[in-house]
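Everything on this sheet refers to the single structure shown next.
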Amino acid sequence: MSQNPLLWDKKYTCPICGTVSPSKKVFIDKIRVKDYDEDLKPNYEGINPMLYSVITCPHCYYSALEPEFEQKVSPIYMDEIKKVQSELKVPQNIVFSAERDHITAILTYALATLFYKAKKQPCKVAEMYLRMGWLYREISNTENELKALAHALVSFEDCFTNSYVDAEKEPMILFYLGELSFRLGKFEDTKKWFSMLVNNYRNSTSFYAKAGKDRWQSIKDQLK
Ligand SMILES: [Zn+2]
């Protein structure tokens, strides 16, 4: 197979087992966002960089988002990580370092959720489920999209309630708490979260605070 000119190989060292392996990256100047869905899912022209955002070790299957994959993992979480790894059943024929189709990419996100759970990072778990939902949307698998979004909502609630959320991230989390509640038909919660976003971040310059204001207006019109 000839090399896809939009992709290049970067080598990563697994912080758990030490395996060095390549993974594809999209050349940054080849990434083009065409538009966004109402939940701010980006739609790309040509190649979708979301397919390559998670790095998966081909040896032990440890998985994390690209910028943090090589970061050392605290020994506190090691027992939990080993337990996850001992229970994994990953199909042998999947090559994570090659060009990825949606199904392979979804598997990398599913693996990443397990490891972020093991590392007690519910906000990251939520983001992984959200992106899984988006990838299912791109292949028109609505049933699995909604399942992933429902998991994302539970994890965003866990993130918001039980973990430290820095002020910069809070508008994004409130936006998705509102948006996912709406998509899953929980209209009381939709109101609660969007009101919190709109009221607490009235004068904020945050992208999500601004987008949330418009989105909440349009949802209110739909709910009338
Ligand atoms: Zn590994």
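The table below lists the values:
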{"item": "Selection count, the stretch 166-224, where residues are of a type in the set (D, E, K, R) and surrounded by 12 or more Cβ atoms within 10 Å (Cβ to Cβ)", "result": "12"}
{"item": "Within the stretch 132-169, tally of residues that are assigned to a loop (DSSP other than H, G, I, E, B) and of a type in the set (A, V, I, L, M)", "result": "3"}
{"item": "Matching entry among LEU88, LEU153 (being at pLDDT 95 or above and surrounded by fewer than 16 Cβ atoms within 10 Å (Cβ to Cβ))", "result": "LEU88"}
{"item": "Residues of the stretch 129-159 satisfying the condition of being within 21 Å of GLY46 (Cα to Cα) and of a type in the set (Phe, Trp, Tyr)", "result": "TRP134, TYR136"}
{"item": "Residue match in the stretch 93-106 (condition: part of a loop (DSSP other than H, G, I, E, B), surrounded by 20 or more Cβ atoms within 10 Å (Cβ to Cβ) and away from the ligand (no atom under 13 Å from the Cβ))", "result": "yes"}
{"item": "ALA112 vs. criteria outside any helix (DSSP H, G or I), within 16 Å of the ligand (Cβ to nearest atom), touching a residue at least 12 places away in the same chain (Cβ under 8 Å) and under 30 Å from SER181 (Cβ atoms)", "result": "no"}
{"item": "Failed criterion for GLU68 (all others in (1) away from the ligand (no atom under 16 Å from the Cβ); (2) surrounded by fewer than 16 Cβ atoms within 10 Å (Cβ to Cβ) hold)", "result": "(1)"}
{"item": "Breaking point among (1) over 17 Å from the mean Cα position of the chain (by Cα); (2) within 10 Å of the ligand (Cβ to nearest atom), for THR56", "result": "(1)"}
{"item": "Where GLU45 falls short, out of the listed (1) loosely packed, with under 11 Cβ neighbours inside 10 Å; (2) away from the ligand (no atom under 16 Å from the Cβ); (3) charged (D, E, K, R)", "result": "(1)"}
{"item": "Residue under evaluation LYS83, criteria (1) among the charged types (D, E, K, R); (2) surrounded by 15 or more Cβ atoms within 10 Å (Cβ to Cβ); (3) over 22 Å from PRO22 (Cα atoms), criterion not met", "result": "(2)"}
{"item": "Answer residue from the stretch 3-21, given it is more than 8 Å from the ligand (Cβ to nearest atom) and among the aliphatic types (A, V, I, L, M) and is surrounded by the most Cβ atoms within 10 Å (Cβ to Cβ) among those", "result": "LEU7"}
{"item": "Cβ pairs under 9 Å, 6+ apart, first in the stretch 177-198 and over 22 Å from GLU143 (Cβ atoms) and in contact (Cβ under 8 Å) with a residue 24 or more places away in the chain, second among the small types (Gly, Ala, Ser) and surrounded by fewer than 17 Cβ atoms within 10 Å (Cβ to Cβ)", "result": "GLY178/SER195"}
{"item": "Any pair with Cβ under 8 angstrom, 6 or more apart, that starts in the stretch 145-158 at a residue that is touching a residue at least 60 places away in the same chain (Cβ under 8 Å) and ends at one that is among the charged types (D, E, K, R)", "result": "none"}
{"item": "Subset of the stretch 4-54 (residues that are farther than 24 Å from GLU127 by Cβ and in contact with an Asp or Glu (Cβ under 9 Å, 6 or more places away or on another chain))", "result": "ASN4, PRO22"}
{"item": "Condition met for ILE76 (under 19 Å from ALA118 (Cβ atoms), among the β-branched types (Val, Ile, Thr) and more than 16 Å from the ligand (Cβ to nearest atom))", "result": "yes"}
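The values are calculated or read from the model by the stated rules, or taken from the named source; none is laboratory data. Keep in mind the model is a prediction, meaning the values are calculated, not measured. Cβ coordinates were reconstructed from backbone atoms using ideal geometry, including for glycine residues, and neighbour counts include every protein chain displayed.
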